[in-house]
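Encoded as structure tokens, the structure appears first; notes follow it.
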Amino acid sequence: MKYSVAVPIGHRGAGLGNEVRALAKARIGARVLGAQLVEQPWWLNPRHYGEDLGYNIVAPVRANLSRAWTPTVTVGRAEFSGWDYEQTMRELAPKLPDRFVLRHASGMAGGLLAIASERAFIAERLGVVQQKTLPGSRDTTIGVHVRCGDFASGEVQPGKFNLRLGMDWTEAAAIAVAKGCSGPIRFLVFSDASGEDLDPLKRMVSSLSTFGTAELSGGRVLDDLRELAGCDWIIPSVSSFSMLAIYLSTARYVWPEVHLVEHGTFGSIWGYEAVVKDGPVADAISEAHGGVSPAWFRGVPFDPRVSDAVSQWVQEVSQNLSEQASAESWTDAGDLILCGVAPRWSPSGVLMTHEG
């Protein structure tokens, strides 16, 4: 028997934004090597994912027991340090015996770029349904994620995570995107806010209602993820939850300009790490070097000073592309969450879509 096993992060498993990495890598291994996919034992996860994904008690136990008489191979960070997990599996294939237990334990290595091929599988597994906006068919949905909880207040800057974005940034970004859309607007606001954070959140929701209908979700985490990932546009927080929603979706998005690492006329989320800067970020900049259209980029930086310019960008990509083309016109190189880049804004409010 051949098993491709998703190894949980930690003894009982971590948050979904982390656990999908192992699941997607195990799925790639199963697909390339013709092995049986073994998901994490969801019943162990303290976040109760088993209630939605199935408890998955038997399969992990069976695979673990079979290690007593079946060769076991573990792919950890030492064995995978690149960006193409599928290629890693192809290179591993001729080295494996006829029967094996292959454990995928490289954690976050490779980022979301390494598992980009499994987006549709993960979306289906988590129950994400894409709602296509057709002219005149329904409201344009703008998903807004406000992360509070244990995130600290502080200066948002490149390479720093787990910090709150100001409500003023989030509100301005949502309004700028709304102004660039045509037809009715529906804001869906998702947050873990409680206590003293609720009043400013409710004020923001009330303010957004001036530009369309605005609703504050009170659902469970996985339900919120499904709804956020099904939106047409996403206003994120700097969090793994927002990144997972963007990864699972076909939505375009904006990202805090102050959080991006500068690379000349471009910016990136992950370029503060040398291995990313010299790898996929450098490749993305090279690909865009000759000049590309603004629609080539899935997301753009946002700062309130360029609100009008962002509205114009939203209008252009909405009007000039059909819905199908809009969902697929960008590349991984133009997607910030996939270790890609986005053009920075010039002082006059123009996207600098090429160097020089």
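Of the strands (runs of 3 or more DSSP E) lying entirely inside segment 192-259, those carrying at least 2 residues that are touching a residue at least 40 places away in the same chain (Cβ under 8 Å) are 233-235, 252-256. Limited to segment 60-74, what total is found for residues that are loosely packed, with under 15 Cβ neighbours inside 10 Å and not hydrophobic (A, V, I, L, M, F, W, C)? Going through segment 60-74 one residue at a time, the tally reaches 4. Screening segment 215-234 for residues that are within 25 Å of GLU316 (Cβ to Cβ) and over 12 Å from the mean Cα position of the chain (by Cα) and picking the one that is surrounded by the fewest Cβ atoms within 10 Å (Cβ to Cβ) gives GLY230. Of all the listed residues (ARG77, ARG90, ARG138, ARG99), the sole one being of a type in the set (Lys, Arg), at pLDDT below 95, over 30 Å from ASP303 (Cα atoms) and surrounded by fewer than 18 Cβ atoms within 10 Å (Cβ to Cβ) is ARG77.
On inspection, LEU37 does not qualify as surrounded by 22 or more Cβ atoms within 10 Å (Cβ to Cβ) and touching a Ser or Thr at 6+ places or on another chain (Cβ under 6 Å).
What about VAL128, is it assigned to a loop (DSSP other than H, G, I, E, B), over 18 Å from GLY17 (Cβ atoms) and not acidic (Asp, Glu)? No: the conditions fail for VAL128.
A quick yes/no check of all residues on (1) of a type in the set (Phe, Trp, Tyr); (2) touching a residue at least 40 places away in the same chain (Cβ under 8 Å); (3) not assigned by TED's automatic domain parsing to the domain that holds GLY279:
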residue: TRP42; (1), (2), (3): yes, no, yes
residue: TYR55; (1), (2), (3): yes, no, yes
residue: ARG67; (1), (2), (3): no, no, yes
residue: THR88; (1), (2), (3): no, no, yes
residue: ARG99; (1), (2), (3): no, yes, yes
residue: ARG103; (1), (2), (3): no, yes, yes
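Being under 13 Å from GLY107 (Cα atoms), surrounded by fewer than 22 Cβ atoms within 10 Å (Cβ to Cβ) and among the aliphatic types (A, V, I, L, M) is a property that does not hold for ILE57.
Regarding segment 288-295, can at least one residue be identified that is more than 18 Å from PRO158 (Cα to Cα), assigned to a helix (DSSP H, G or I) and within 19 Å of the chain's Cα centre (by Cα)? Yes, because at least one residue in segment 288-295 is more than 18 Å from PRO158 (Cα to Cα), assigned to a helix (DSSP H, G or I) and within 19 Å of the chain's Cα centre (by Cα).
Checked against (1) over 29 Å from GLY13 (Cβ atoms); (2) of a type in the set (Asp, Glu); (3) surrounded by fewer than 13 Cβ atoms within 10 Å (Cβ to Cβ), GLU171 passes all but a single condition, namely (3). Inside segment 264-274, residues that are over 18 Å from SER239 (Cα atoms), in contact (Cβ under 8 Å) with a residue 12 or more places away in the chain and not in a strand (DSSP E or B) make up a count of 2. Here ALA22 clears all of (1) on the phi > 0 side of the Ramachandran plot; (2) crowded, with 21+ Cβ neighbours inside 10 Å except the condition numbered (1). When PHE190, PHE151, PHE211 are checked against the criterion of being more than 23 Å from SER318 (Cα to Cα) and at pLDDT 95 or above, a single residue qualifies: PHE190.
The values are calculated or read from the model by the stated rules, or taken from the named source; none is laboratory data. Fair warning: this is a prediction, and the values are worked out from it, not measured in the lab. In this analysis, Cβ positions are derived from the backbone assuming ideal geometry, glycine residues included, and neighbour counts consider all displayed protein chains.
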